[in-house]
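**Student:** One structure, as structure tokens, below. Some questions next.
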Amino acid sequence: MLASGNHSSYPVSFILLGIPGLENSQFWIAFPLCAMYVVAIIGNTTVLHIIRIDHTLHEPMYLFLAMLAITDLVLSSSTQPKMLAILWFHAHETEYHACLIQVFFIHAFSSVESGVLMAMALDRYVAICFPLRHSSVLTPAVVGKLGAAVMMRALLLVSPFCIMVSRMPFCPNQIIPQPYCEHMAVLKLVCADTRVNRAYGLFVAFSVVGFDMIVISVSYVMILRTVLGLPSGQAQLKAFGTCASHICVILALYIPALFTFLTHRFGHHVPRAVHIMFANLYLLVPPMLNPIIYGVRTKQIRNRGTHI
């Protein structure tokens, strides 16, 4: 059933299928997904609580980590409750505007997560290459401005996704063959020329990830040059150790994200169930792993966590 808007006809709701090809296993697949979501919620909430109550952690590295934890909470919570409802209770229907809101949150906060990782790379660069100037360069005000800039970038670049799609006519087919709404999946239901939308999606993906990866790469090249110039091996290991957590978090985000992005556009021979499972992990694994990685590798958070 289609509802009439000012500029287009849109469906009252969409049907989210879950994981096509694994219908008989969906009930059981939901249990590990639920466990991962619970770990993500508890881990990120704990990190936020520790940073909030311990004023010695109100430094750039931990403020960026708090931003990452908030982003992970939003990103995982924008998809997992509905996904579990689909897999366990067959709640396949989702309202049209709720679907577009989910599209916005998934893409906006994926962009924010990438931007926060970029800012954390800059923090490591200043801390290692200019240690005496770190506190004067990355003041709390500068950290706040970086966070605001990352958020504003996401709002400005991702909002057109929803605006453009909402102005287009939809086909009678209202089935989305996965457990959540995202830009490309919704775009495939549009009965109109979507080349502009697809081109804009590619532009946003490559401009956001491309820019962030360039900044991260340049930061680590400069860090590597500085670390290799340190006189003692112990000092080099200590410097590398401060970057290890960040590198692990970067890999946890970008590897499944890149696989998902490429298979959506070019991987037509990749089984749909494999693609959807990777897409689920891309939205769930980083939020689950980030607090674990930083909790295990960051002494201040680990020590403080044992006293909660």
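**Student:** Between helix 80-89 and the chain, what is the angle of the helix's C-alpha long axis to the longest principal axis, kept within 0 to 90° and rounded to the nearest 10?
**Tutor:** 40
**Student:** What residue among M67, M152, M83 shows peak mean-square fluctuation when the chain is described by a Gaussian network model with Cα springs under 10 Å?
**Tutor:** Maximum among the listed residues: M152.
**Student:** Still on this structure, I have one more. Rank P32, P177, P231 by mean-square fluctuation in a GNM of the chain with C-alpha springs under 10 angstrom and give only the top-ranked residue.
**Tutor:** So, out of P32, P177, P231, the one fluctuating most is P231.
**Student:** Still on this model: With an 8 Å cut-off on Cα pairs and a minimum separation of 6 or more residues, tell me the relative contact order of region 13-300 in percent.
**Tutor:** 30
**Student:** Sorted by accessible area (1.4 Å probe), largest first, how do R124, R198 line up?
**Tutor:** R198, R124
**Student:** Give, in nm to one decimal, the length gained when the segment between E93 and A35 is fully stretched (0.36 nm per residue of separation minus the Cα-Cα distance).
**Tutor:** Taking E93 through A35 to full extension adds about 18.5 nm, to one decimal.
**Student:** Another one. Most mobile of M151, M288, M118 per a Gaussian network model of the chain (Cα springs, under 10 Å)?
**Tutor:** Per the Cα network of the chain with a 10 Å cutoff, M151 tops the list.
**Student:** While we're here: Counting only protein heavy atoms and using a 1.4 Å probe, what share of the accessible area of the chain belongs to carbon plus sulfur, as a whole percent?
**Tutor:** Working: 10540 of 14840 Å².
About 71 percent, which is the carbon plus sulfur part of the accessible surface.
**Student:** Further, regarding this structure: Using a Förster distance of 30 Å, how high is the FRET efficiency between D193 and H269, based on the Cβ-Cβ distance and rounded to 0.05?
**Tutor:** That gives a FRET efficiency of 0.70.
**Student:** Report the gain in length on full extension from T45 to T242: 0.36 nm times residue separation, minus Cα-Cα distance, nm rounded to one decimal.
**Tutor:** The span from T45 to T242 would gain 68.7 nm if fully extended.
**Student:** Then there's this: Just one of [x] 138; [y] 125; [z] 147 is volume of the Cα convex hull per residue in Å³ as worked out from the coordinates here. Which one is it?
**Tutor:** [z]
**Student:** Can I ask one more? In degrees from 0 to 90, rounded to the nearest 10, what is the angle of the helix 26-53 Cα long axis to the longest principal axis of the chain?
**Tutor:** 40
**Student:** Taking the C-alpha atoms of region 81-173, how large are the radius of gyration and the largest Cα-Cα span, Dmax, in Å?
**Tutor:** Using the Cα atoms of region 81-173, the pair Rg, Dmax is 19.4, 63 Å.
**Student:** While we're on this one: Where the centroid of each part is defined by its Cα atoms, how far is region 50-69 from region 93-135 in Å?
**Tutor:** Here the answer is 15 Å between Cα centres.
**Student:** How far is helix 96-129 tilted off the main Cα axis of the chain, in degrees rounded to 10, range 0 to 90?
**Tutor:** Long axis of 96-129 versus the principal axis of the chain: about 20 degrees.
**Student:** Given a Förster distance of 25 angstrom, what is the FRET efficiency for S207 paired with D54, based on the Cβ-Cβ distance and rounded to 0.05?
**Tutor:** Efficiency computed from Cβ-Cβ geometry: 0.10.
**Student:** So what is the 222 nm mean residue ellipticity for the chain from helices alone, if each DSSP H run of at least 4 adds -39500 (n - 2.57) and you divide by all residues, rounding to the nearest 500 deg cm²/dmol?
**Tutor:** Working: 11 runs with 226 residues, N = 308.
Rounded to the nearest 500, it is -25500 deg cm²/dmol.
**Student:** Accessible area per residue, 1.4 Å probe, Å², for region 98-218: what's the number?
**Tutor:** Accessible area per residue: 43 Å².
**Student:** While we're on this one: For A141 and N24, what is the calculated FRET efficiency with R₀ set at 51 Å and r taken between the beta-carbons, to the nearest 0.05? Write out the running numbers ahead of the final one.
**Tutor:** Numbers: r = 55 Å, r/R0 = 1.08.
Between A141 and N24 the formula returns 0.40.
The values are calculated or read from the model by the stated rules, or taken from the named source; none is laboratory data. Since the structure is predicted, the reported quantities are computational estimates derived from the model, not experimental observations. Positions of Cβ are generated from backbone atoms using ideal geometry, with glycine treated the same way; all protein chains shown enter the neighbour counts. In case anyone asks, the SASA skips ligands and DNA or RNA and just uses the protein heavy atoms, side chains included. Shrake-Rupley method; radii C 1.70, N 1.55, O 1.52, S 1.80 Å.
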